[in-house]
Amino acid sequence: MDKTTKRHCTGEVGGGSGGEKGGGSSDGDFEPSMGRFTDHIIIDVLEKMDLASLCTAACVSPTFNSAVAYRLPFVSSSDLSGFYLDEETLKHVVRRVPGAKSLTIECLRMRNDSSIINILGEHIEDLSLLKCTHLSYDILRAIGERCPNLRSLLIEFAGCDAPELFKRKLAEMLQKVPLLESLSITIRGTSRDVFDVRPLGQFLPPSLKKLKLQQTDARLFVLWLDAVRKIPLFNLRNLSLVLDLISDDLLITVVHSLPHLVELDLEDRPFTLSSVGDLTNIGLQALKFCECLIALSIVRSKMNCPASFTRVDNKGMFHVSEGCKRLESVKLGGFAKVTEAGYSSILYSCRNLKKFEVLTSPLLSDSVIDNMTGVARSVVELRLSSCSLLTSEALEHLSSFRKLEVLDTSGCERIGDQAPFYISKVTTLTRLNLAKARITDVGLALLGAGDLPIVQLCIRKCEKVTDKGIKSLFHADRKICKTLSVLDVGYIPKITDAAIFTIATAAKALTDLSLRFCNGVTDAAVQMLMDRPNHNSSQLQMLDLCSCRGLSAEAIMLPLPLYAFHRLRWLGIGLTDIVAKRGIFSEICEARPRLVVCDVCCDFGCGDGWQWHNVR
């Protein structure tokens with residue numbers, strides 16, 4: 001077998017130093033057994049895998065390695081989100097999948113436009129460029145020139161306060177992508193993050209069906225929409241906006257200009273508490289004209305000030321329930337004067353509801369879930385976040401939700417130990433967020449006793465939890481030991497090294513672990529995570545140690561062993577002594593060149609602050 005065949009998309013794929021045998025053939029028995037499978041059976045299996053899974057499969061044996069090498073040129077979709085590649089590695093990956101029509105790239109480590117321009121081509125139809133810290137607006141022009149068959153574009157910029165340049169480059173791109181159906185542009189880090197939408201009007205492709213803009217000025221958007229709705233064949237079906245203010249004028253203009261909307265997602269981030277020009281019941285009444293609407297999201301963010309929708313009450317929700325009975329997904333946030341009566345009217349009317357989310361609703365009480373009996377059999381996701389009146393009793397009848405997979409009560413500080421008992425009856429649950437709940441070790445023991453197949457669990461800021469509670473959660477090799485992939489135990493003062501030992505030993509599928517602001521965690525826990533190459537901890541892909549004040553500058557010993565953190569993609573060490581000792585910090589970056597080391601206070605993957613700093 002030649003060297004080319006023995007490599008997968010990110011490098012060598014043997015079984016470590018053994019090379020030829022591969023990861024699954026160290027005892028010499030695995031590879032001969034592969035002869036039972038014909039080539040076409042193996043290829044059929046590989047055709048169902050994504051790129052990351054193919055790369056893993058390539059490490060199993062020489063037979064799989066050869067099969068993957070044959071399969072890679074035919075891969076149609078290459079999703080590299082979560083992989084923080086540099087320019088050289090990205091070139092290598094893309095060269096191995098030359099036929100990929102869909103390409104998703106994390107651009108945190110791309111230092112200039114050429115790193116992306118060099119991989120663009122006519123074959124690309126779906127392009128997503130995430131966290132473009134160093135890319136300029138000129139990349140838009142290059143995309144237009146090199147990807148004439150583009151149908152979908154998602155791009156996230158760290159803004160450079162050059163609105164005229166942005167308008168010019170966007171206009172140049174739009175003229176050269178006549179097939180574009182979906183456009184999503186996010187600009188972060190500029191003054192108020194506002195860009196002008198007017199270039200979209202003159203060169204808007206008639207094929208465009210989906211538009212997402214963050215952040216734009218509401219007044220300018222209303223003027224723009226008034227103009228472009230007269231364009232022949234203009235027929236947006238999906239609109240998502242982040243604005244400075246959601247007003248009646250905006251909502252009425254959107255509804256009358258886009259009567260065939262299927263999905264509408266609006267979020268505003270006001271800078272003042274003034275209610276002048278704010279959304280009222282009249283604006284919500286206009287939604288009755290959107291007869292095709294199946295997904296609705298209207299949210300007021302508190303990012304810039306603690307504002308809420310003060311001119312909307314239950315009557316506004318009655319208008320939504322009467323006019324939008326086909327809704328399958330509802331997300332409402334910041335409606336300070338709406339009670340459970342208003343939300344319940346939507347629950348009674350929308351019998352096909354699959355996702356229901358309410359954020360920051362101070363008048364929402366426990367009875368709202370009692371009123372969900374009509375949709376309990378269809379709801380898959382239920383999120384009731386930062387609702388101050390909600391208690392554990394709200395979840396008493398949760399077992400009637402036969403398809404529920406996601407439950408989020410984060411920020412509901414009156415949720416106590418009884419809640420995990422009710423939650424433990426929902427056998428389909430895979431994602432659970434109990435952040436800031438008043439649960440104790442007793443609650444975690446009750447949750448663990450339910451033996452649920454939880455994949456993602458957040459108990460951040462559950463300050464009464466101790467090491468004992470963590471141990472009871474993973475007791476007796478329950479399902480969670482085999483399924484849990486993402487765990488957040490941040491901001492819990494009584495978590496110590498003992499809990500980390502329990503987690504690393506019991507959670508066999510753990511990939512992401514957040515310990516941020518856990519001051520009881522010391523160097524010993526980090527060393528344990530590093531020193532056991534064949535242990536569960538060796539699978540970690542993201543580790544957040546932000547502000548773990550119990551760590552010394554030598555918590556990560558150098559030189560790093562070859563096997564230490566060998567799968568780690570992102571490491572957060574902000575506000576720790578590791579950052580203060582710059583020599584160690586630099587050596588970590590050099591020892592793991594494909595590892596993103598964040599020295600500020602971002603959450604997993606720098607998703608909440610990548611635009612503000614350089615990631616090493």
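The values are calculated or read from the model by the stated rules, or taken from the named source; none is laboratory data. Bear in mind the structure is a predicted one, so any value in this text is a computation, not a measurement. All Cβ positions, glycine included, derive from the backbone under ideal geometry; neighbour counts span all protein chains shown. In case anyone asks, the SASA skips ligands and DNA or RNA and just uses the protein heavy atoms, side chains included. Shrake-Rupley method; radii C 1.70, N 1.55, O 1.52, S 1.80 Å.
Helix check for the chain. Which DSSP H runs span at least 20 Å along their own axis by Cα, with a mean Kyte-Doolittle hydropathy no less than 1.6?
Flagged H segments: there are none.
Would you mind putting 294-301, 443-450 in packing order, based on average other-beta-carbon counts within 10 Å, highest first?
443-450, 294-301
Compute the Cα gyration tensor for segment 435-475, then decide on rounded, prolate or oblate, letting a ≥ b ≥ c be the square roots of its eigenvalues: rounded whenever a/c is under 1.5, prolate when a/b is larger than b/c in the other cases, and oblate in all that remain.
Oblate, since a/c reaches 1.5 and b/c is not below a/b.
Taking amide H atoms as placed 1.01 Å from N in the peptide plane, list the residues 5 or more away in sequence, or in a different chain, whose amide H sits under 5 Å from that of residue 103.
78, 126, 127, 128
Treat each spin label as a single point 7 Å out from the Cα along the C-beta direction, and report the residue 475 to residue 49 distance in nm.
Distance between label points: 3.9 nm.
Using 1/(1 + (r/R0)^6) with R0 = 25 angstrom and r between the beta carbons of residue 591 and residue 88, what's the FRET efficiency to the nearest 0.05?
The value I calculate is 0.90.
Taking a ≥ b ≥ c as the square roots of the eigenvalues of the Cα gyration tensor of segment 281-356, is the shape rounded (a/c under 1.5), prolate (a/b larger than b/c) or oblate?
prolate
Hey, what did the chain get for relative contact order, percent, Cα under 8 Å, at least 6 apart?
6 percent
Can you tell me the equivalent ellipsoid semi-axes for the chain? Use √(5λ) from the Cα gyration tensor, largest first, whole Å.
Over the Cα atoms of the chain, the ellipsoid semi-axes are 40, 34, 24 Å.
Run through segment 230-290 and list the trypsin sites (Lys or Arg not before Pro) located in a DSSP loop whose Cβ has at most 13 other Cβ atoms within 10 Å.
230
Would you work out what percent of the accessible area of the chain, with all protein chains in place, is carbon or sulfur (probe 1.4 Å)?
Ligands and nucleic acids excluded, carbon and sulfur give 52 percent.
Quick one: accessible area per residue over segment 48-216, 1.4 Å probe, rounded to a whole number of Å²?
Normalised by residue count, the accessible surface of segment 48-216 is 38 Å².
How long, wide and thick is segment 238-279, going by the Cα atoms along their three principal axes, in whole angstroms, largest first?
So the three principal-axis extents are 33, 16, 9 Å.
From the Cα gyration tensor of segment 48-216, with a ≥ b ≥ c the square roots of its eigenvalues, which class applies: rounded if a/c is under 1.5, or else prolate if a/b is larger than b/c, or else oblate?
It comes out prolate by the Cα gyration axes.
Across segment 364-487, how many lysine pairs separated by 8 or more positions, or lying on different chains, have Cα atoms within less than 16 Å?
Lysine pair count for segment 364-487: 6.
Explain nothing, just compute: Karplus ³J(HN,Hα) = 6.51 cos²θ - 1.76 cosθ + 1.60, θ = phi - 60°, for every residue of segment 420-431 in order, whole Hz, x for Gly and Pro.
x, 5, 5, 5, 5, 7, 8, 6, 9, 5, 10, 10
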